[in-house]
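Have a look at the structure below before the remarks.
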Amino acid sequence: MALSKASRTAVTIIGAGTQGRRLAFMWSSAGNDVHLVDGQPSQLQASIQAIDGFRADSQHKDASWGRINTHSPDNIAAALQSSWLALECVPEQLSLKRKVITDLDAAVQEDTIVASNSSSYTCSEILDTLNLRNERRFLSAHSYWPPETPELEIMGHERTDPKYIDLLMNRSKSHSFSPFHVKKPSMGYIYNRIWAAIKREALLTASEGAATPEEIDAIFRGVLKTPKGPFEQMDIVGLDVVMDIEQHYADARGNISAEPREYLKDFLQQGRLGVKSGRGFYDYPSS
């Protein structure tokens, strides 16, 4: 028998990569179970280890952590039945996101929120060409890195039922998030829309030879007193992900210079993806 919404406290996350494991950590912080789904067993195992590390380093050492349950994509029916929120955290590829959202929409309870963690695609872009069973419960819920960065941007589309936005706003607060409601469709939400301009200008500055990535990061940190500069941040995100996002902005807006993407492409062709590959704009010795 299906559980009522009030008795469903678990969250299902599709994708156990950098963001998926970070969100599993956050959504388990109030003692509720998280179901983490990925097709690669090694990715799931690495996620459990990463989440254990996040918890050990957490400011909330006395938290009553929920269980992290791992699943393959073909074995998640029970997980979805017990979840009030199903969240996709797959790579920033529109066709893949659409497939995952369509599968979730068909499999979850009628009043379960289906959300995307996309950093650049709006709900309307994802929904285009889709015929969901219940698009009124679909919205975006984009989060940030590192693990305890609490900001969460929640954005619906013109047919999203406001009650689902209210529910996610309220429940995310009880899981140590600081939610912001993006009130109008916005490519890049609030923060990433501004960050995209900084990131693109940093890439352009380096591509023109005006300064090296190291020099740009140094002056950025010095003036703004931030712990990391834009190139260090891009290495953490992953240069392949940065490229996907930049290409999406270029395709959608049509008036964005190609030089930053050409500069980035040189690093990708060398297999320099950032922290996850051990080399990006900087080198990262294996621990």
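The values are calculated or read from the model by the stated rules, or taken from the named source; none is laboratory data. Note that the structure is predicted; figures quoted are calculated from it, not measured. Don't worry about glycine lacking a Cβ; one is built from the backbone with ideal geometry, like all the others, and counts go over all protein chains shown. In case anyone asks, the SASA skips ligands and DNA or RNA and just uses the protein heavy atoms, side chains included. Shrake-Rupley method; radii C 1.70, N 1.55, O 1.52, S 1.80 Å.
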*Whole number in Å², please: accessible area per residue of the stretch 10-182, 1.4 Å probe, ligands, DNA and RNA not counted.*
41 Å²
*asked:* Ordering Leu85, Leu167 by accessible area with a probe of 1.4 Å, largest first, what comes out?
replied: Leu167, Leu85
*Helix 94-107 versus the longest principal axis of the chain: what angle, 0 to 90°, nearest 10, using Cα atoms?*
10 degrees
*asked:* What number results when the radius of gyration of the stretch 73-125, computed over Cα atoms, is divided by 2.2 N^0.38 Å?
replied: 1.11
_Kirkwood hydrodynamic radius of the stretch 133-254, from inverse mean 1/r over distinct Cα pairs, in Å_ = 16.3 Å
*Residues of the stretch 89-104 with amide N under 18 Å of the 7 Å Cα→Cβ point at Trp145*: 89-93
*Quick one: pull the percent of accessible area on the chain belonging to carbon and sulfur, 1.4 Å probe, ligands and nucleic acids left out.*
52 percent
_Suppose each label sits 7 Å from its Cα in the direction of the beta carbon; what would the Leu224-Met187 distance come out to in nanometres?_
2.1 nm
_Along the Cα→Cβ direction, 7 angstrom out, place labels at Asp62 and Glu259. What is the inter-label distance in nm?_
5.5 nm
*Nonlocal Lys pairs with alpha-carbon distance under 15 Å, the chain (8 or more apart, or different chains)*: 4
*With a 10 Å radius around each residue's Cβ, average the other Cβ atoms per peptide and rank 211-222, 49-60, highest first.*
211-222, 49-60
*How many angstrom separate the Cα center of the stretch 181-196 from the Cα center of the stretch 261-287?*
27 Å
*How many Å² of accessible area per residue for the stretch 193-277, probe 1.4 Å?*
52 Å²
*Quick one: angle between helix 18-27 and the longest Cα principal axis of the chain, in degrees between 0 and 90, rounded to 10, please.*
40 degrees
*Run the quick spin-label model on Glu201 and Ala46: label points 7 Å from Cα toward the beta carbon, then report their separation in nm to one decimal.*
3.4 nm
*Going by accessible area, probe 1.4 Å, with all protein chains left in place, what is the ranking of Asp74, Asp244, largest first?*
Asp74, Asp244
*Measure out, as a whole number of angstrom, how far apart the alpha-carbon centroids of the stretch 55-110 and the stretch 113-174 sit.*
13 Å
*Just one of (i) 0.97; (ii) 1.00; (iii) 1.03 is Rg/Rh (Cα atoms, Kirkwood Rh) calculated from these coordinates, so which is it?*
(i)
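Starting from the residue with the highest accessible area, list Trp195, Trp65, Trp84, Trp145 in decreasing order, probe 1.4 Å.
Trp145, Trp65, Trp195, Trp84
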*With everything on Cα atoms, drop me the angle between helix 239-253 and the longest principal axis of the chain, reported from 0 to 90° to the nearest 10.*
90 degrees
*Computed P(r) (all Cα pairs; the stretch 193-277; 10 Å bins; percent)*: 18, 54, 27, 2
*Can you send over the solvent-accessible area of Asp161, 1.4 Å probe, protein chains only, in Å² to the nearest 10?*
30 Å²
